[in-house]
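The values are calculated or read from the model by the stated rules, or taken from the named source; none is laboratory data. These numbers come from a predicted model, not from an experiment. Glycine also receives a Cβ, built like all others from the backbone with ideal geometry; neighbour counts cover every protein chain displayed. Just so you know, the surface numbers come from the protein's heavy atoms only, side chains and all, with ligands and any DNA or RNA stripped out. Shrake-Rupley method; radii C 1.70, N 1.55, O 1.52, S 1.80 Å.
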Amino acid sequence: MNEGSSIRWQAAAQQIDARIEELRPEADRHVIGQHVISKVLLKRFAVPFGSNGLKLVPFNLEHPDRLHKMASPRECGKVPYFARFASASLEQVWGKLETRIPDAARAVDRGDVFQREQHVQTLKDLIALHLVRSLNYRHVHERIFTNVYTEHRTALLTDKSDLLRLAVLQRSGLHLSGPQGLAAAADQILSPHLANFETGADFRARIEDTFAKAKEMIRDAGLEILVPAAGEFLLGDTPALAIQQRGNKTAFNVAIGDSTAIVLPFGPKHLLVGRTPRNGLSIATEETVGFLNRLQIEAAQQRVYLRPRSGQDALVRGYLKQGSRSVRR
């Protein structure tokens with residue numbers, strides 16, 4: 001990490017630490033079953049089954065040949081303790097957006113969504129929400145923290161060891177001798193950051209911050225809504241995908257700034273595409289629908305969600321038999 005990156009990291013870390021302290025009084029207020037997929041989004045893939053209410057099919061990609069029982073939207077797309085620190089207040093952050101979605105969804109179904117800018121903005125914010133409220137984001141956060149923590153600890157033991165010795169001497173009057181004393185001093189300095197990571201406090205503060213930044217990055221770009229010419233879209237358990245297309249190659253789960261588009265299924269007959277050059281409705285060819293569905297399967301952690309009796313279970317099984325998911329990230 002160069003000096004400029006280190007300064008930026010430290011400034012950002014100070015802001016995160018300040019937010020953690022603000023949240024600490026409500027650290028133990030939790031929502032246990034946290035939806036990573038909005039219920040209103042899941043409902044758009046569900047159909048009514050008499051007195052049993054709305055149902056959709058959670059298809060387990062790890063056991064494709066099992067009988068996949070229908071479930072309610074309330075039962076799907078949930079992760080126990082997705083955020084382990086002050087999750088109740090985080091749910092309030094999500095809730096402010098999710099209350100706006102039904103009106104925007106009705107406008108999509110009517111076909112007049114682009115006549116109301118607030119509905120367009122709601123859909124863009126929904127894309128941002130599902131980019132950050134995902135297991136993929138949590139995995140990325142864990143990987144980045146581990147890398148940055150290791151870099152800083154290594155720097156304290158090597159390039160900045162003289163500064164560390166001087167700081168210990170000024171604070172305690174002790175002269176550090178040997179690698180064990182140096183390592184103990186480095187661990188003591190970094191221990192608050194490690195504790196915040198282990199309790200989930202760092203994740204809680206950063207996901208809120210990243211959500212705000214993601215909304216800003218998506219806000220000024222276009223929004224396209226795809227309608228399938230044939231077939232229908234399915235929903236993966238990591239539904240919002242920042243993709244980068246170069247020639248015939250497509251990478252997914254890239255950084256927002258590196259993406260050429262961000263896709264989010266919005267029901268069997270609609271798919272949102274953020275960061276596009278234009279606003280408007282477009283027809284997706286059968287080939288495009290298949291490609292986007294395969295992306296959902298590839299990016300999913302464990303499940304995809306299907307409209308009951310849609311016949312898509314056979315399509316998913318056929319794709320899995322090709323072995324594309326045999327080597328997971």
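In this simple spin-label approximation, S72 and R278 carry label points 7 Å from Cα along the Cα→Cβ vector, and these lie 4.3 nm apart. One Cα centroid belongs to region 238-255, the other to region 268-320; the line between them spans 14 Å.
Taking a probe of 1.4 Å, how large is the accessible area per residue of the chain, in Å²? Spelled out: the 1.4 Å probe surface of the chain, per residue, equals 52 Å². Among the listed pairs K39/K215; K43/K96; K215/K249, those whose Cα-Cα separation exceeds 25 Å are K215/K249. Region 26-61 and region 109-164 have Cα centres spaced 24 Å apart. A straight Cα-to-Cα reach below 14 Å connects K213 with the aspartates and glutamates D125, residues fewer than 8 places away in its own chain not being considered. Where does the charge balance sit around I127 when Lys and Arg score +1, Asp and Glu -1, over other residues with C-beta under 10 Å from its C-beta? Every neighbour counted, the sum reads +2. Working from Cα pairs under 8 Å separated by at least six residues, relative contact order for the chain is 21 percent. Once region 63-157 is represented by equal point scatterers at the alpha-carbon sites, with solvent omitted, what log10 I(q)/I(0) does the Debye formula produce at q = 0.15 Å⁻¹? Normalising to I(0) and taking log10 leaves -0.86. Using the alpha-carbon atoms, what tilt in degrees (0 to 90, nearest 10) does helix 178-199 show relative to the longest principal axis of the chain? Relative to the chain, helix 178-199 is tipped by roughly 30 degrees. Taking amide H atoms as placed 1.01 Å from N in the peptide plane, the amide H of G222 lies under 5 Å from those of R275, T276, R278, each 5 or more residues away in sequence or on another chain. The Cα atoms of region 221-329 define a convex hull whose projected area, averaged across directions, is 6.9 nm².
With axes computed from alpha carbons, what is the tilt in degrees of helix 135-157 against the longest principal axis of the chain, rounded to the nearest 10 within 0 to 90? Value to nearest ten degrees: 20. Given R₀ = 35 Å, FRET efficiency for F49-E117 by Cβ-Cβ distance, to 0.05? Step by step, r from the Cβ atoms, then E = 0.45.
Other residues with beta-carbon under 13 Å from the beta-carbon of D28 carry, at +1 per Lys or Arg and -1 per Asp or Glu, a net charge of +3. Taking all protein chains in place and a 1.4 Å probe, what share, in percent, of the accessible surface of region 208-329 do carbon and sulfur account for? Carbon plus sulfur share of accessible area: 49 percent.
In terms of packing, defined here as the mean over residues of other Cβ atoms within 10 angstrom, the peptides 171-179, 115-123 line up highest first as 115-123, 171-179. The calculated Kirkwood hydrodynamic radius for the chain is 21.9 Å, given to one decimal from all distinct C-alpha pairs. In region 4-89, inverting the average of 1/r over every pair of distinct C-alpha atoms gives 16.2 Å as the Kirkwood radius. Compute the acute angle (0 to 90°) between the alpha-carbon long axis of helix 201-219 and the principal axis of greatest extent of the alpha-carbon atoms of the chain; round to the nearest 10°. Around 50 degrees separate the two axes.
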